[in-house]
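A short write-up of the structure that comes next.
The values are calculated or read from the model by the stated rules, or taken from the named source; none is laboratory data. Source: prediction; values computed, not measured. Here the Cβ positions follow ideal geometry from the backbone for every residue, glycine too, while neighbour counts run over all protein chains shown. For accessibility, only protein heavy atoms count, side chains too; no ligands or nucleic acids. Shrake-Rupley method; radii C 1.70, N 1.55, O 1.52, S 1.80 Å.
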Amino acid sequence: MPIAQASHTESRSESTPHLRKLQVLGVLCGLTAGAWLGAAEAPTKLVSIGISPIVISLIMVMGVFLARWSVPALVLGTSSVAADVRRAPHLIIWAVLAGCLWAVANTMTVFAIRDIGLSIAFPLWNSNSLLGILWGFVFFNELRQAGWRRWAGVLGGALVMCVGAALLAVASSTQAPAGHSMRGVWAALGAGVLWGTMYIPYRKAYLSGMNPLSFVTFFTFGELGMMGALAISYLGMASLWRQLTSARDVLFWLMLGGFIWVIGDVFQQYAAKYVGISRGIPLSNSNQLWGLLWGVLVFGELRGSHASTYAQVIGGSLLMMAGVGAIAFSSATGKEHQHWKEAAQRESRRYGIAPDFVEARMRGAQMEGEAHPTRRPVDWFLVAAATAIFVFFAAIARAPRISIHWGAVAVLSVATIALLTLCAWFLWRTTRFH
């Protein structure tokens, strides 16, 4: 077959119903991730009762660590993780590096929330979408031959997001304590830079065929190691221990926030896999809307503010959401997807991974002859141990003494659980979590 004809046939084959289904799945995963990532930041409002941001971040990472081992063990079993490691052991290093970046960024977000509030900080650190677009194009062939309409959607959406972020930065000066507003703005923007860079290892892993559940398992070593080092160097062992002991009544809520964050991050990983980081990151950054809802409806942020402040915060958030929508629905064409395959083949050659394995995983399937993952006794032990730890801290927990609107909590919780149920069902039916 002539080369031109072969290329045409291959591009046409990418525009199959299965490819379109995977892209719809990626969009749904991104939106679900946004809901859960937004909910996970709510416990950081405990900074208002005097707990150090460093301690809050460390405790959340402890909850993350428990979840990152127990959730993959429950869904597919550790045998699947071990099989991925044997095929691509180099990706462990990338996962640990990504975890280190996440720990620093997460700590910066806690400082940002303390200084400028949850509803304002969220959209500022979601500037990581801009870096995601850049890195996706430069390193992974995303948006190559995407057509002018998709380029216009992505770049126009990015511009709208910048305008929305600027409105929120201006509004922050009316919400933050005197002298601290710009510190909070810079902390949120710095977190966005680190998180945007963190997605490079994500995409390398998924183009190499690694399962998202395997990647997040090793990601957590970087998180916990870096966060522990930050806490000890910043506070010292004696002070850190005193703060952990004094905060024992609220440890459960912060660990729960970490657990919820992992649920959102798992779906974010699948979004990055099936629609790329240039689209997956903006989709998961719909958490800014959820952050606004939690901040305003549950915690009463902006109460008593001037009408102009409400207009800036709500208008800025809606502008950023419009930008997210423009980017997210500029779906990949068959020609662009062919460039994704070329990037995957490059990773396959670089690290000596079987091409048929990489090809199968790009389709959300197992390689022919590959053993199906099974759960072993160690998997049930990991799930039971994590559950027992959470139950223990729940037993000694008390409700934080801050104003919370429980009706809004119930409504938002039902909405996030409904998204989780729908997305998990679609993910299982389409890919069996591969």
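Taking only protein heavy atoms and a 1.4 Å probe, the accessible area of the range 350-434 is 68% carbon and sulfur.
The count of lysine pairs in the chain that are at least 8 places apart or cross chains, and whose C-alpha atoms lie under 27 Å apart, stands at 9.
May I ask you to order 374-385, 31-42 by the average number of other C-beta atoms within 10 Å around their residues, highest value first? The partial results should precede the final answer.
Details: 374-385: 13.8, 31-42: 26.3.
Answer by packing, highest mean first, reads 31-42, 374-385.
State whether the chain is rounded, prolate or oblate according to the following rule on the C-alpha gyration tensor (a ≥ b ≥ c being the square roots of its eigenvalues): a/c under 1.5 gives rounded; otherwise a/b larger than b/c gives prolate, and the remaining case gives oblate. It is oblate, given that a/c is not under 1.5 and a/b is not larger than b/c. Checking the a/c ratio against 1.5 first, then a/b against b/c, what shape does the Cα gyration tensor give for the range 279-434? Here the range 279-434 falls in the oblate category.
Take Trp69, Trp425, Trp294, Trp241 and sort them by solvent-accessible surface of the protein heavy atoms, 1.4 Å probe, largest at the top.
On the way: Trp69 65, Trp425 135, Trp294 20, Trp241 175 Å².
My answer, sorted largest first, is Trp241, Trp425, Trp69, Trp294.
Charged side chains reduced to their Cβ positions (Lys and Arg at +1, Asp and Glu at -1) give the chain a dipole of some 200 debye around its Cα centre.
A protection proxy built from the mean count of other Cβ atoms within 10 Å ranks the segments 125-134, 219-228, most packed first, as 125-134, 219-228. For Ile396, Ile404, the ranking by accessible surface with the largest value first comes to Ile396, Ile404, using a 1.4 Å probe. Looking at the chain, the accessible area is 40 square angstrom per residue; that uses a 1.4 Å probe and ignores ligands, DNA and RNA. Taking the range 57-86 and a reference point 7 angstrom along Cα→Cβ of Val378, the backbone N atoms nearer than 13 Å belong to 73, 77-86.
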